[in-house]
Structure formats: structure tokens, C-alpha cells
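To start, the structure under review is shown below, and the notes come after it.
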Amino acid sequence: MRIRLLTIALHLFFCCFHIARGQAIARFTIKTVDNNISIPVSVCLDDITKLPDSVLALREIKGKAFLPVNFQVENGDRRLFWWIISPGSKAVKREYELYKIDTQVSEQAPTPLGLTDNNGELTITDKGKQVIRYNYSIHYPPAGVDSIFRRSGFLHPLWSPSGNILTRINPPDHHHHMGIWNPWTHVRFMGKQVDFWNIGDKKGTVRFSNFISRTEGSVFAGFKALQQHVAFNIPTEGKETVAMDETWNVRVYNTTGNIWLIDFISSLNCATDSGVVLEEYRYGGFGFRASEEWNNQNSTVLTSEGKTRKDADASTARWCMIDGDMQKGHSGILFMDYPTNYNFPEPMRVWPVDANKRGDVFFSFSPTRNKDWPLLPGKNYVLKYRMLVYDRTITKDEAEKAWRNFAHPPKIIVTVL
């Protein structure tokens, strides 16, 4: 224990030393920030400096004081420099300084956001606590259920910060429901209709193919995975054809307070020279089957337009908040839609109060609920969502503010020094 405390003390000493002595490279100014929760933001590092990540550090300027800030560099075609704007109590100006450290710190602080991989289950963790799990191996339904309901490439469980499990898979009423998943129902491909949602119809399914990347860090952890939408008996009987390739980009951010912040990005494209039409239907797209603990007596639905479970179905919204009482207290999820998504603000499928008699909870952003979505070969189609997972409750105003900072993040003024 003494060695551990000494290590932490040395790390803090070196951080303070570098804060005092570092050579300033650039200043990041945000004129007005009004945030009740953490906001992940980024700038393009290549436009600022070509220095390697290992000699960079970030500090927030608070009057005459300098506070160290965790950052993470996302290396791709262009380097993105990420950090978290910590929650503020009112609209204020925030200033940060990127600087070069004189000597690299040999003892790094523990990475708060990590990944654990166990027998086909990739779990994202925050300071050792389980947040969300991606199931990439084939999961089979319960004994006695047709194996056609086997699936890979879905998210379950999703935990709340207190440990409540918010998702459910293979419920007896809908064996094809898989926690959080993103299939499509009425799909026109090669002149035939395929169903990737109701896999019991034996017309198609979705499968995990491979990981593109996995990331751990001090700002976020997550993964990119390729999934394939497989059509059965097209173009001939007994044949399997990949109709669409889909990339999932899922990440969990390092937030303060009793919340998780999770981004889900789906990128769809045609896998053949044949186009695909996601046809109008009430189901399809980003879906969530809630825990069996929730029913019409202990859970609520509220949308950005003030709709509740009684009238939210088929309406459109920027966000939808679902929460309720559970074994470990009250928990919930705020689902946020992004302005560039197809058919924004998206129509929703929200189960009625008498679903399965007891009022089971199901929610989906369904962009094709009221119109077709044609996908052309050679083009990429992106849907972006954010989930704010919380314990206790949040207000409508807090939900609206969280959505606004997702859809329209604060503008960052970069001054190279």
C-alpha cells in the first residue's frame, strides 16, 4: 500500500512539475459552455503540431491556476486530440493549454477505461466497473428454442453505474430481441424481400465478422467491428449472400458523476453491386429491449416533444428518456438522435402500456417507419446515437442540454502559440 501511495504521489509531483515548466504550444478557448454532464470534444492535432503524443500534455487554465486534464490521441488519417470538458454549474468560458513536457513521466497513471475479452464477450469497463458488453461469438437461444435464433454482434448487458442490468435478450415473447442491436426488417435486395430483424422467418440474419480496432485510454475505450447482413436463399435456394456490410463504432467516455456516456455509430454500405432498399415499416434500426424488471407500473417514457408512453409511438423526437425502479434503485437511459441521421428527427417505435399485458418496455429509433431508405452501391450511410445511462433521475431540461451538447458540441477556438 505504501509503495502504491508513493507511486501516485510521484506521478502527481511530476504532473505538477510539468504544469509549471511546460512549453505552451496552443490554447483552446470555448467562449460559452453550459453543461450539466461531461462533454467529449476533439481538435485535429495535425493542424497544431507534429510533435509525438508522448511529449504532450494538457492543462485547464483557472484564473492563475493550472489544472492537469486527461487527453487521448486517436490516430487515423489525421490525429484527433480528445479530452473531456468537466461539468459546470452555469454557462462559463473554458480555456485549455496544450504544452510540451520537458521530460516524459516514466510512471503513468492507471488507464481508467479498459477492455476485457472473455470467450467471445468484449466488455468495456470504467475504473474496473462493467459498463457494456459486445457479444461477438455466436449466442444460442435457451434450450428448446429453434437454433435459427442464434446471433452474434449485439450489446448485452448494459449496466447502470450502480450495477442494474438494463437490457434483456431472448425474451419468451420475442426470441429475436437482443439487448441493443441494429437490424432492418423489410429489406428489398436482388428483387426479393429479406428480414434481418425477425430472424425466425429464416430469410436473413446479422453476424459479427471481425474487429477493425480496439481502444483503451484515459478519455475513452471502445471498439470498431465489421458485421455482415446475410440474406438466405438469394439469388438461389440454399445460398447465403452478404447484402450489407456494417461497421459498429462503440465507445464509452470517461465521465464524472454517477453516469455512463456511450456513443454508438453504425456505418452501412452495400456489399454487392446490387442496391438495397430499407423499406417503410414500423420496426427497424437501433433497438432496445429493456430489463424484465420494468413494466407499466414502475417505469416511464418521456420524449423531447413531451410525449409519454401513451402517445410516443410513431411520433418523432430528438431524444427519448426511459427509466424506472429496479433492484438497486432507480436507473434509466437517455437515447439521443443526431441531426445528420436519415429522417431526423427520427420516428420511434415505443411499445404501448399494455405490451405483453404487463407493460414490457421496448424502444427503437426507426428512420424507415414512415418512408423508404434506398442505399446505393459505393456510398456510405451513417447513423449516430448517444446514450446517457444514469442512476436516480434527470430532468427534461438536463436531457435537452445533454442532447444539445451532443448534437451541437461547443465551438473550440484554437490559437497556435
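What follows draws every value from the coordinates through simple rules; no lab data is involved. These numbers were taken from a predicted model, which means no experiment stands behind them. All Cβ positions, even for glycine, are placed from backbone atoms using ideal geometry, and neighbour counts span all protein chains on display.
Per-residue ellipticity at 222 nm for the chain, helices alone: DSSP H runs ≥ 4 residues times -39500 (n - 2.57), over residue total, nearest 500 deg cm²/dmol?
Numbers: 2 runs with 32 residues, N = 417.
Taken over the chain, the calculation gives -2500 deg cm²/dmol.
In the chain, a dipole from Cβ-located charges (positive for Lys and Arg, negative for Asp and Glu) runs towards its positive end, and of Val43, Phe344, Ala225 it is Val43 whose Cα lies farthest in that direction.
If you take the square roots of the eigenvalues of the alpha-carbon gyration tensor of the range 199-332 and sort them as a ≥ b ≥ c, do you get rounded (a/c under 1.5), prolate (a/b over b/c) or oblate?
Details: a/c = 2.27, a/b = 1.42, b/c = 1.60.
Oblate.
Per-residue Karplus couplings for the range 381-394, computed as 6.51 cos²θ - 1.76 cosθ + 1.60 with θ equal to phi - 60°, are listed in order as 10, 10, 10, 10, 9, 10, 10, 9, 9, 9, 10, 6, 9, 10 Hz, Gly and Pro entered as x.
A simple rule links phi to the HN-Hα coupling: the Karplus curve 6.51 cos²θ - 1.76 cosθ + 1.60 with θ = phi - 60°, which for the range 276-289 gives 10, 10, 7, 7, 4, 6, 6, 10, x, x, 5, x, 9, 9 Hz, with x for Gly and Pro. The string of couplings for the range 358-369 from the Karplus curve (6.51, -1.76, 1.60, θ = phi - 60°) is 8, x, 4, 9, 9, 9, 8, 7, 10, x, 9, 5 Hz, one whole number per residue in order, with x for Gly and Pro.
Out of the range 339-417, which trypsin sites (Lys or Arg not before Pro) are coil in DSSP terms and have no more than 16 other C-beta atoms within 10 Å? Before the final figure, lay out each step's value.
Numbers: sites: Arg349, Lys357, Arg358, Arg369, Lys371, Lys379, Lys384, Arg386, Arg392, Lys396, Lys401, Arg404, Lys411; in loops: Lys357, Arg358, Arg369, Lys371, Lys379, Arg392, Lys411.
Taking the range 339-417 and a limit of 16 other Cβ atoms within 10 Å, the loop trypsin sites (Lys or Arg not before Pro) found are Lys357, Arg358, Lys371, Lys379, Arg392, Lys411.
For Glu121 and Asp201, calculate 0.36 nm times their separation in residues minus their Cα-Cα distance, and state this gained length in nm to one decimal. Before the final figure, lay out each step's value.
Details: separation 80, 0.36 × 80 = 28.80 nm, distance 2.66 nm.
That works out to 26.1 nm of additional length.
Using a Förster distance of 30 angstrom, determine the FRET efficiency expected from the C-beta separation of Leu417 and Ala91, and round it to 0.05. Result of the calculation: an efficiency of 0.70. Helix 396-407 against the longest principal axis of the chain: what's the angle in degrees, Cα atoms only, rounded to the nearest 10? Approximately 80 degrees, to the nearest 10.
Database remark: amide H of Gly217 closer than 5 angstrom to the amide H of Leu113 (H placed geometrically; neighbours at sequence offset of 5 or more, or on other chains; Pro and chain starts carry no H). Normalised by the number of residues in the chain, the average gap of Cα pairs under 8 Å and 6 or more apart makes the relative contact order 15 percent.
Checked against a 25 Å cut-off, the cross-linked pairs Lys310/Lys396; Lys31/Lys64; Lys50/Lys379 give Cα-Cα distances beyond that limit for Lys50/Lys379.
How many angstrom separate the Cα center of the range 282-297 from the Cα center of the range 352-417? Rounded to whole Å, the Cα centres lie 15 Å apart.
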